[in-house]
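Remarks on the structure that follows.
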Amino acid sequence: MSVEFGSSPSKSQVERAGKQLRRIKRGEADETLLEGCLDVIERYRQTYVKPMIACNVAMRRFTDALAIEATVTQRLKRMSTIVEKLTGRESQMNLANMRDIAGVRVVVRELGDLRRLQDYIEQRRRSSGVKIIDYVEDPRSSGYRAVHLICDYGTEPSRPVEIQLRTIVMHQWAEMVEGASDMLGFNYKQDGNSSFHQWAVLLSRVFAARELDKMADVTSNELEDAWKAMLQDKGGEL
């Protein structure tokens with residue numbers, strides 16, 4: 001599986017690298033092959049940089065056109081995360097079909113702005129195809145809320161870029177939950193039914209109610225009890 005250094009690997013080479021990596025991690029292939037696999041994956045990962053930047057520029061242009069106040073950021077998925085995803089929680093995934101290697105996040109002030117921007121993106125990208133995952137209408141079991149759109153950007157090669165649309169409130173929830181998960185050693189990005197996820201879901205309902213200017217259906221006692229249960233599971237103290 002040798003590829004000239006610096007060249008973009010072919011789809012078949014990328015697929016083989018992902019499969020070989022899993023075999024190495026399971027002890028079914030020689031570890032001397034690991035460096036070559038990681039080299040192919042890293043060069044494939046780098047082909048997402050220009051499409052990601054193009055998407056970032058487009059999102060800034062779109063929000064300007066709509067006069068929407070927004071913060072636009074970008075990220076390229078870390079190699080360690082790609083490896084963990086391929087060999088752990090999504091071990092059946094074909095690397096060439098991974099859709100979130102490149103991501104652009106747009107944080108807007110309120111839900112109305114988010115929907116206007118979502119509609120605008122769909123209109124502008126309709127010809128090239130847009131996949132929409134609406135975690136506002138149907139939040140993840142972890143409590144995560146946002147709208148994800150996957151669009152192809154760039155030429156030679158074109159690559160899928162995951163666009164995350166969040167309001168400030170949605171972003172505040174995600175930042176708070178991520179901070180707590182780092183502190184306590186939970187993986188909040190994995191859906192589940194742990195005490196941590198139960199606390200995060202309750203907190204999400206509080207934040208969602210605040211965003212919609214409604215009365216939350218969660219009491220402060222429920223939230224406090226969930227926090228205590230989470231700490232007890234980790235052997236912590238209030």
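Any read-out appearing in this document is the output of simple, stated calculations on the displayed coordinates, not a laboratory observation. What you see is a predicted model, and the numbers here were worked out from it, not measured in a lab. Every residue, glycine among them, receives a Cβ derived from its backbone with ideal geometry; neighbour counts consider all protein chains shown.
Can you tell which of W199, W227, W173 shows the greatest fluctuation in a Gaussian network model of the chain with Cα springs below 10 Å?
Of W199, W227, W173, the Gaussian network model singles out W227 as fluctuating most.
Which lysines have a Cα less than 22 Å from the Cα of K228, not counting those fewer than 8 places away in the same chain?
Cross-link targets: K189.
Please order C55, C37 by the number of other Cβ within 10 Å, starting at the fewest.
Working: C55 27, C37 23.
Ascending Cβ contact count within 10 Å gives the list C37, C55.
Let me know the shape class of segment 91-178, please: from the alpha-carbon gyration tensor, a ≥ b ≥ c as square roots of the eigenvalues, rounded when a/c is under 1.5, otherwise prolate if a/b is greater than b/c, or oblate. It would help to have the intermediate numbers written out before the result.
Numbers: a/c = 2.08, a/b = 1.29, b/c = 1.61.
Oblate shape, in that a/c is at least 1.5 and b/c is the bigger or equal ratio.
Tell me which of Q118, L165, I101 sits at the most positive position along the dipole axis of segment 47-167, charges placed on C-beta atoms (Lys, Arg +1; Asp, Glu -1).
Among Q118, L165, I101, the one farthest towards the positive end of the dipole of segment 47-167 is I101.
Sum up the charges of everything whose Cβ sits under 14 Å from the Cβ of R126, counting Lys and Arg as +1 and Asp and Glu as -1, but leave R126 out. Please list the in-between numbers first.
Numbers: positive: R124, R125, K131; negative: D119, E122, D152.
That works out to 0.
Name the chymotrypsin sites (Phe, Trp or Tyr not before Pro) in segment 1-63 that are in a loop by DSSP and that have at most 11 other C-beta atoms within 10 Å, would you? Working shown, then result.
On the way: sites: F5, Y44, Y48, F62; in loops: F5, Y48.
In loop regions of segment 1-63 (DSSP not H, G, I, E or B), the sparsely surrounded chymotrypsin sites (Phe, Trp or Tyr not before Pro) are F5.
For the chain, modelled as a GNM with alpha-carbon contacts under 10 angstrom, which of E110, E122, E31 fluctuates the most?
Highest fluctuation among the options: E31.
Determine the dipole magnitude for segment 170-233: charges of +1 sit on the beta-carbon of Lys and Arg, -1 on that of Asp and Glu, nothing else is charged, the reference point is the Cα centre, and the result goes in debye to the nearest 20. Show your work: numbers first, answer last.
Working: 5 positive and 11 negative charges, 12 e Å.
It comes to approximately 60 debye.
What residue among T71, T155, T87 has the largest mean-square fluctuation in a Gaussian network model of the chain, using Cα springs under 10 Å?
Looking only at T71, T155, T87, the largest GNM fluctuation is found for T155.
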